[in-house]
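Colleague: Structure incoming, see below.
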Amino acid sequence: MSEPKSESGAEILIRALKDQGVEVIFGYPGGAVLPIYDALFNQNAIRHILVRQEGGAVHAAEGYARSTGKVGVVLVTSGPGATNAVTGLVDALMDSIPVICLTGQVPTHLIGNDAFQEADTTGITRPATKHNYLVRRSEDLARVVHEAFHVARTGRPGPVVIDLPKDILIAPAPYTEPSLATQARYNPRTEPDPGQIAKAVALLKSAHRPVIYSGGGVINAGPEASVLLNELVRLTGFPCTSTLMGLGAYPAKDPLFLGMLGMHGTYEANLAMHGCDVLLNIGARFDDRVTGRLNAFCPNAKKIHADIDPSSINKNVPVDVPIVGDAAAVLRALLAAWKADTQKPHTQAIAEWWRQIDIWRGKECLRFTQSMEKGAVIKPQYAIQRLYEISQEMNAKSGKETYITTEVGQHQMWAAQHFHFMKPNRWMTSGGLGTMGYGLPAAMGVQIAHPDALVIDIAGEASILMNIQEMGTLAQYRLPVKVFILNNEYMGMVRQWQELLHGGRYSESYSAALPDFVKLADSFHASGLRATSVDQLDDVIREMLTIDRAVIADIAVDQKENCYPMIPSGAAHNEMILGPEHETAEQSSRTAGVTDAGLALV
Amino acid sequence: MSAQIEKTERTATIAVLVDNEPGILARVVGLFSGRGYNIDSLTVAAVDAAQMRSRINIVTTGTEMVIEQIKAQLSRLVPVYQVSDLTREGPHIAREMAMIKVVATGESRVESLRLADAFRARVIDATTGSFVFELTGATDKLDAFIELMRPLGLAEVSRTGIAAIARGTRTI
Ligand SMILES: Cc1ncc(C[n+]2csc(CCOP(=O)(O)OP(=O)(O)O)c2C)c(N)n1
Ligand SMILES: [Mg+2]
């Protein structure tokens, strides 16, 4: 496919990116990638966003990818540039986010010589990526880029690294059109087996106590999958719960939705899981945060598991009906087969099941008590609730869409519980890896993709410091991201585990010597706001949402608040602890009763 | 119900057809070490120069669920074309080759040669104080021969690990 005009490897790379539809790259320059920066300088089609640390670039690309369904692209230099990107790559791997990470490399003749800023990037990132490449020959470059995009977005999406030696970037390279780059060697199955669909529908029709458990795979399968999930839930009238990653695929306010399940899931969702007789898992992976103790997980259920990744099926939980396929394709097939099947569902039994679920719901497991007295301390749950209500109210007028990212900790779980997502792709959080420092750069990536939207990073005071440098990026590109810090002056989630499992010995979990977040915002050309008591909260939220540039809102919240419900590690769904609002003698004794095996779990 | 997880282990011989490209062996080995799977034996060699394909033969032990996981995990590697569980898919033959050095004189030396003959091992190197035997066969045959050589002056063993193929007309 040689072209008459000779182009450098770097120019060929840019051309391949354009042909792959790339509009934005998140990156940071260095010696090994200077030829790429030179090629970027001479064109306008691709915008480069200069982050402040490479780790931020990968999370930004993740935020971009998750909120758009497109592939996020990262460009970093060799050695430290590449090693800084590793956490983000593993994050994207665990959460199935399509990301291409271009890494510079020392010239081919120096590879293996411990050259300046050489790192064995393909070696380091092999278990951190879905796939990776080291481009050793100019003639492979364009083909590799096209294949990398195909791999990143096809099947179960994930991060792909392309390591680019500097001599390959400088030397002339031939171009290969995307259509001519063969993709024969990676073609995962997307259409489900009709026989398995028939078995699944027969099981679903036989159910007396069904539950639909949906996950991030439904989001990854595109907005159509969410529409189909809605249709299936409404058609069957089955209760629906969701993983942390799947929130928004089914509207949170719908009466058929039980809320999130798992370690900090709702009472009704977890007890429905424990009591169900048929479980339909679509695009979730039976993660240990969801299942709790495996030998007590859904003990009476026949299980159907639909996943695009065959290795996710029968990995943790043996299932009765495995279905390999894309979530949208599976849902479409299930809907068609359900409608075609003449068997009547057990309407009466299901109505009985709903009565039971409504009793569990009656517990109001997420209830909390907020004193409204002047000067009263803010409950973190209340802060999220007000953030949700006020942003809904203001956006109803302005027509803005809201996107939420989070850091990792209690605030993340409270956000999942108290901010209600009605659409897919509006919720970006680090689920599988649980990476503190994810939220701010991810919000940056979301705001780049949706310049007119309201983008909020719900943060903890400890997590936010892990990528605080990205405030500089917000300033440079005038990105009006709102950072809403639930400041409990503790690594709250660590403090909670220490309280419940380690006798209240708060070893190294206090956030000492915190910066003044208001001044910090100021020094990064953003606005800083603070609320220290409940009477100030609404005003601060309103002001934050009115300001059209970046804001840090430092919300001082109750330092002792714990996140409930909680299934302690190693416990079963029906051994959930409810909060002090629901405390009974029996429950507090359970708190102390975590087994040794449970203590060893993360 | 399905909560009763199968605990019995089995040995599986798995053939994996891959692109012959740098890093592929590291990818496969890294998968096994990273996920805590056993490798009892692993061999790799190019088998199709025109298509640049190599074949990896892996012998592993695990519960049925783990073996199915291994196959699924291998299958999702991009340079992997095919994964065949030879143990499951019908009768197969597995062979390995060993070179066995015995350093001995006198009665032991004579005895080692006599046993080698019984096992149809070939002498491929000899000095007045040593033999190197070459023996090809199933793993347990090699094990048995090596055990017999131990008291006779076994000095060193080099084994290839197994290569395996399905019997009859079936191909992977
Ligand atoms: C990079 C990283 N290091 C450590 C942890 C372990 N960890 C989980 S939550 C948490 C505390 C987070 O504190 P903060 O951001 O203040 O949130 P809070 O729980 O107080 O809401 C820690 C240290 C992690 N998840 N990520
Ligand atoms: Mg905190």
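Colleague: I'd like to verify a number: residues in the range A:141-162 that are in contact (Cβ under 8 Å) with a residue 60 or more places away in the chain and β-branched (Val, Ile, Thr), how many?
Modeller: 4
Colleague: Continuing with this model, one more query. Evaluate the range A:390-403: report whether one residue or more is in a helix (DSSP H, G or I), within 12 Å of ligand 1 (Cβ to nearest atom) and more than 14 Å from every other protein chain (Cβ to nearest Cβ).
Modeller: The answer is no; no qualifying residue exists.
Colleague: Something else about it: Give just the number: which of (1) crowded, with 23+ Cβ neighbours inside 10 Å; (2) touching a Gly at 6+ places or on another chain (Cβ under 8 Å) does A:Met422 not satisfy?
Modeller: For A:Met422, the failing item is (1).
Colleague: Go through the range A:303-330 residue by residue and tally those that are open to solvent by 40 Å² or more (accessible area, probe 1.4 Å) and assigned to a helix (DSSP H, G or I).
Modeller: Residues meeting the conditions: 1.
Colleague: Any idea which of A:Ile168, A:Ile162 is under 26 Å from the mean Cα position of the chain (by Cα) and either farther than 24 Å from A:Val86 by Cα or not in a loop (DSSP other than H, G, I, E, B) (or both)?
Modeller: A:Ile162
Colleague: Follow-up. Please specify each residue of the range A:47-63 satisfying the condition of being out of contact with any Ser or Thr (no Cβ under 6 Å at 6 or more places or on another chain) and open to solvent by 10 Å² or more (accessible area, probe 1.4 Å).
Modeller: Correct list: A:Arg47, A:His48, A:Leu50, A:Gln53, A:Glu54.
Colleague: Further, regarding this structure: I'd like the full set of residues that are within 25 Å of A:Arg285 (Cα to Cα) and open to solvent by less than 10 Å² (accessible area, probe 1.4 Å), limited to the range A:68-94.
Modeller: Scanning the range A:68-94 gives A:Gly72, A:Gly88, A:Leu89, A:Asp91, A:Ala92.
Colleague: Which fully enclosed helices (runs of 4 or more DSSP H) of the range A:188-261 have 1 or more residues being free of Cβ contacts under 8 Å to residues at least 12 places away in the same chain and open to solvent by less than 40 Å² (accessible area, probe 1.4 Å)?
Modeller: A:194-206
Colleague: Separate question: Could you please find all residues in the range A:499-513 being surrounded by fewer than 17 Cβ atoms within 10 Å (Cβ to Cβ) and in a loop (DSSP other than H, G, I, E, B)?
Modeller: Scanning the range A:499-513 gives A:His502, A:Gly503, A:Gly504, A:Arg505, A:Tyr506, A:Ser507, A:Glu508, A:Ala512, A:Ala513.
Colleague: When the range A:440-479 is examined, which residues are found to be of a type in the set (Ser, Thr, Tyr) and either more than 15 Å from ligand 1 (Cβ to nearest atom) or open to solvent by 20 Å² or more (accessible area, probe 1.4 Å) (or both)?
Modeller: Passing the criteria: A:Thr473, A:Tyr477.
Colleague: Given the residues B:Ala72, B:Ala45, B:Ala50, which is the only one that is surrounded by fewer than 20 Cβ atoms within 10 Å (Cβ to Cβ), in contact with a Lys or Arg (Cβ under 7 Å, 6 or more places away or on another chain) and closer than 28 Å to A:Val161 by Cα?
Modeller: Unique residue meeting the criteria: B:Ala45.
Colleague: Just a yes or no: is a residue in the range B:14-25 over 18 Å from the mean Cα position of the chain (by Cα) and among the acidic types (Asp, Glu)?
Modeller: Scanning the range B:14-25 turns up at least one residue that is over 18 Å from the mean Cα position of the chain (by Cα) and among the acidic types (Asp, Glu).
Colleague: From the set of residues in the range A:267-302 that are open to solvent by less than 10 Å² (accessible area, probe 1.4 Å) and not hydrophobic (A, V, I, L, M, F, W, C), which is nearest to A:Lys363 (Cα to Cα)?
Modeller: Among them, the one singled out is A:Asn270.
Colleague: Within the range A:73-116, track down each residue that is part of a loop (DSSP other than H, G, I, E, B) and out of contact with any strand residue (DSSP E or B) (no Cβ under 9 Å at 6 or more places or on another chain).
Modeller: Of everything in the range A:73-116, those that are part of a loop (DSSP other than H, G, I, E, B) and out of contact with any strand residue (DSSP E or B) (no Cβ under 9 Å at 6 or more places or on another chain) turn out to be A:Asp95, A:Ser96, A:Gly112, A:Asn113, A:Asp114, A:Ala115, A:Phe116.
Colleague: Do you know which of the residues in the range A:499-528 that are touching a residue at least 24 places away in the same chain (Cβ under 8 Å) and among the polar types (S, T, N, Q) is farthest from ligand 2 (Cβ to nearest atom)?
Modeller: For the range A:499-528, the residue satisfying everything is A:Ser527.
Colleague: Also: Is it true that some residue in the range A:143-155 is open to solvent by 40 Å² or more (accessible area, probe 1.4 Å), within 11 Å of chain B (Cβ to nearest Cβ) and among the polar types (S, T, N, Q)?
Modeller: Within the range A:143-155 (the criterion being open to solvent by 40 Å² or more (accessible area, probe 1.4 Å), within 11 Å of chain B (Cβ to nearest Cβ) and among the polar types (S, T, N, Q)), the answer is no, since none of the residues qualifies.
Colleague: On to the next question. Have a look at A:Thr190, A:Thr266, A:Thr176 and point out the one that is under 22 Å from A:Arg332 (Cβ atoms) and of a type in the set (S, T, N, Q).
Modeller: A:Thr190
Colleague: What pairs come up if the first residue lies in the range A:453-468 and is of a type in the set (D, E, K, R), the second is near ligand 1 (Cβ under 7 Å from one of its atoms), and their beta carbons are under 6 Å apart, counting only those six or more places apart or on different chains?
Modeller: A:Glu461/A:Ser511
The values are calculated or read from the model by the stated rules, or taken from the named source; none is laboratory data. Fair warning: this is a prediction, and the values are worked out from it, not measured in the lab. Methodologically, a virtual Cβ is constructed for each residue, glycine included, from the backbone with ideal geometry; neighbour enumeration extends over all protein chains shown. The accessibility values were calculated without ligands, DNA or RNA, using every heavy atom of the protein model including side chains. Shrake-Rupley method; radii C 1.70, N 1.55, O 1.52, S 1.80 Å.
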